[in-house]
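Taking it in order: structure first as structure tokens, then the write-up.
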């Protein structure tokens, strides 16, 4: 089991955006290997939502596999027919 420490403030911000009653776009960014994806996946265990991973390198942008929180493991792109 992965250790999850000192992320109450970040989880609180995600919760606030989720409960706002309106559509929200939350951008989570920072240095690599700090647990950004882990934080989002942890939040989505208990909430419906979608996340999209985008990386930028010298070759240009690269889109990762954001997933719907249904737990089915089907990527959002397959669900939308991309």
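The values are calculated or read from the model by the stated rules, or taken from the named source; none is laboratory data. Since this is a predicted model, take the numbers as computed values, not measurements. Positions of Cβ are backbone-derived with ideal geometry, glycine not excepted, and every protein chain shown enters the neighbour counts.
Scanning region 31-49 for residues that are loosely packed, with under 13 Cβ neighbours inside 10 Å and either touching a helix residue (DSSP H, G or I) at 6+ places or on another chain (Cβ under 6 Å) or more than 22 Å from residue 3 (Cβ to Cβ) (or both) returns 47, 48. With respect to residue 38, determine if the residue is more than 24 Å from residue 22 (Cα to Cα), under 13 Å from the mean Cα position of the chain (by Cα), assigned to a helix (DSSP H, G or I) and at pLDDT 55 or above. Spelling it out, residue 38 is indeed more than 24 Å from residue 22 (Cα to Cα), under 13 Å from the mean Cα position of the chain (by Cα), assigned to a helix (DSSP H, G or I) and at pLDDT 55 or above.
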